[in-house]
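Enquirer: I'd like to ask you about the structure that follows.
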Amino acid sequence: MLTKGDDYPIHQLPLPVSEVGSERNFYDRYFFNGYNKEGDVFFAAALCVYPNLNIMDGSFVVVRNNMQHNCRYSRVMGLERLDTRVGALEIEVLEPLKRLKVEVSDKEANISAKLTFEGRFEAVEEPKMILSNGPRLVMDSTRLTQQGSWSGYINLLDEEIKIDSKNFYGTRDRSWGIRPVGAPDSQPTIPLEIPQFYWLWCPANFDSFSTHMFFVDDDKGKLLTGHSVKQGEDYSATSLLENLKKNVHYVSNTRRVSKAEFFSDTPEGKEIKVSIEPQYNVFMCGLGYMHPEWGHGHFKGEEASSYDTYKLEEDLHDPPFLHIQAFCNISCDTGGSQFSGVGVLEQLFLGPHEPSGFKDLLDRPQ
C-alpha cells in the first residue's frame with residue numbers, strides 16, 4: 001500500500017515504506033526526557049509506530065512537587081507513519097539529528113507544552129541490541145542517543161513552567177527494530193524459563209561535556225552488551241571509551257540503586273569515573289512501559305487517551321513500577337579534575353543477577 005512516505009527518497013527495499021517485513025513486533029520509537037539542574041522539574045515523552053499492528057501510541061509525563069502526571073494516547077495509525085500525532089501529542093523533526101519539537105495540548109488533563117530539543121552534541125549510534133529466548137529472537141534493535149538542551153514552556157494544572165535552555169538538559173533516543181510489543185505471545189518458548197534482564201542506562205550532562213554509559217548483563221553478571229562515550233569540546237567531538245566496569249549498591253530490601261560508580265578508559269588509557277547518586281524515581285509505566293492496560297502497541301480502539309497521577313513516595317517496587325528512571329546528581333572524575341552534573345539512571349532488573357544477590361524473578365536481598 002502506498003503512503004505519504006513513498007514520496008520521499010527513504011526506501012531501503014524494493015517495497016512501499018508501509019511494508020517492514022513479516023515480524024509483528026516491528027517498532028519505531030521517539031523517546032525524550034528533560035530536567036532542570038535543580039531537579040524539581042522532570043518531563044518525558046514517547047511516540048511509537050507499530051507498522052504491522054497498524055497502531056501508534058504516545059505519552060507525556062511531568063514530575064512536579066513529588067507528583068508524577070501521566071498522559072497516554074493511542075490510535076489506529078492508518079499505515080501513515082509520517083503523521084506523528086497521536087491524541088494531544090505531536091512530535092516534529094525541525095532539523096534531522098539536531099532539533100525536534102514536542103507539543104502537547106491535553107485539555108482534559110489541563111496539561112499543555114511546547115518544547116524544543118536541541119542537540120548539544122552529535123547523535124551517537126549505540127551497539128546493536130540482539131537478545132534471544134532459546135531459538136526465538138526477542139530483540140533486534142538499532143538506537144541513536146543524543147544529549148541536548150530544552151527550551152519552551154509547560155503548563156501544568158494552571159502553573160506555567162518556563163523551560164530555559166541554559167538550565168534544562170535532557171536526552172533523546174530513536175530506536176527501531178524488533179522488541180516485544182502488543183499482546184503477549186500466545187505460545188511461549190518451551191521449556192519455560194524465569195525472565196532475566198539486567199539494564200542500567202546513564203546519560204549525564206555537564207556544563208561543557210556529557211557522558212553516556214549502559215550495561216546489559218546476564219544472570220552471572222557477564223556484560224552482554226555495553227556502551228560508553230564522552231562528548232565535549234565541540235559539537236562533533238565524541239570519544240568512544242573502553243573497559244566499561246561498574247560498582248553498584250542497592251537500597252536494602254529493594255531492587256533500587258542507592259549509588260553507583262561506572263568506570264571506563266579513554267583511548268589514551270586515562271580512567272574516567274562517573275559517580276551516580278539517585279535523588280528520586282520516575283515510573284516508566286507512566287509512559288506505557290510494562291503498563292497492564294496501556295502497554296506499548298496495545299489496541300485501545302480507534303482513538304483513546306488517559307490521565308492519572310502517581311505519588312513518588314509510594315514506590316511499589318513490583319511490576320508495573322519496576323522499571324524506573326532516577327533523576328541523579330552525577331560527578332565525573334577525569335583523572336584529577338572533577339565535574340558536577342545531572343542526569344538519569346534508568347533501571348530494569350528482572351530475574352537473577354549473581355553479583356547483585358538477585359536469585360529469583362523479583363526477590364529483594366536484605
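No lab work stands behind these numbers, since they all come straight from the coordinates. Everything numeric here is computed off the predicted structure, so don't read it as measured data. For neighbour counting, all protein chains shown are included, and Cβ atoms are generated from backbone atoms with ideal geometry for every residue, glycine included.
Enquirer: So, in Å, what gap is there between the alpha-carbon centers of region 264-291 and region 31-67?
Expert: Cα centroid of region 264-291 versus Cα centroid of region 31-67: 17 Å apart.
Enquirer: Per residue of region 120-135, what does 6.51 cos²θ - 1.76 cosθ + 1.60 with θ = phi - 60° give for ³J(HN,Hα)? Whole Hz please, x for Gly and Pro, Karplus curve as stated.
Expert: Listing the rounded values in order: 7, 9, 5, 5, 10, 7, 7, x, 4, 9, 10, 10, 10, 10, x, x Hz.
Enquirer: For region 154-230, what is the charge dipole size about the Cα centre, in debye to the nearest 20, if Lys and Arg each add +1 at the Cβ and Asp and Glu each add -1 at the Cβ?
Expert: Value, rounded to 20: 360 debye.
Enquirer: If you don't mind, another one. Could you pull out every residue, at least 5 positions away or on a different chain, whose amide H is within less than 5 Å of the one on residue 77? Hs are placed 1.01 Å off N in the peptide plane, and Pro or chain starts have none.
Expert: Distant-sequence amide H within range of residue 77: 55, 56.
Enquirer: Excluding residues on the same chain fewer than 8 positions from residue 222, give the lysines whose Cα lies under 27 Å from its Cα.
Expert: Within reach: 128, 230, 245, 246, 259, 270, 273, 359.
Enquirer: In whole Hz, what ³J(HN,Hα) sequence does region 32-39 give by Karplus (6.51, -1.76, 1.60; θ = phi - 60°), x for Gly and Pro?
Expert: Per-residue couplings from phi come out as 9, 9, x, 6, 8, 5, 6, x Hz.
Enquirer: On a C-alpha basis, how far is the centre of region 182-216 from the centre of region 86-158 in Å? Whole number, if you could?
Expert: 17 Å
Enquirer: In addition: Ranking request for peptides 313-322, 160-169, 32-41: highest mean number of other beta-carbon atoms within 10 Å first, then the rest in descending order.
Expert: Result, highest mean first: 32-41, 160-169, 313-322.
Enquirer: Follow-up question, since we're still on this one. Can you work out ³J(HN,Hα) from phi for every residue in region 17-28, in order, using Karplus 6.51 cos²θ - 1.76 cosθ + 1.60 and θ = phi - 60°, giving whole Hz and x for Gly and Pro?
Expert: 4, 5, 9, 10, x, 9, 6, 5, 8, 5, 9, 8
Enquirer: Another question, then. Taking the Cα centre of region 215-306 as the origin, how large is its charge dipole in debye, to the nearest 20, when only Lys and Arg (+1) and Asp and Glu (-1) carry charge on their Cβ atoms?
Expert: Magnitude of the dipole: close to 420 debye.
Enquirer: So who's got an amide H within less than 5 Å of the one on residue 329, skipping anything under 5 residues away but keeping other chains? H placed 1.01 Å off N, in plane.
Expert: Under 5 Å from the amide H of residue 329 lie the amide H atoms of 277, 279, each far enough along the sequence or on another chain.
Enquirer: Give me the percent relative contact order of the chain, please, defined on Cα pairs under 8 angstrom at least 6 residues apart.
Expert: Reported as a whole number, the value is 17 percent.
Enquirer: Local charge sum around residue 304 (other residues, Cβ-Cβ under 11 Å, Lys/Arg +1, Asp/Glu -1)?
Expert: Every neighbour counted, the sum reads -1.
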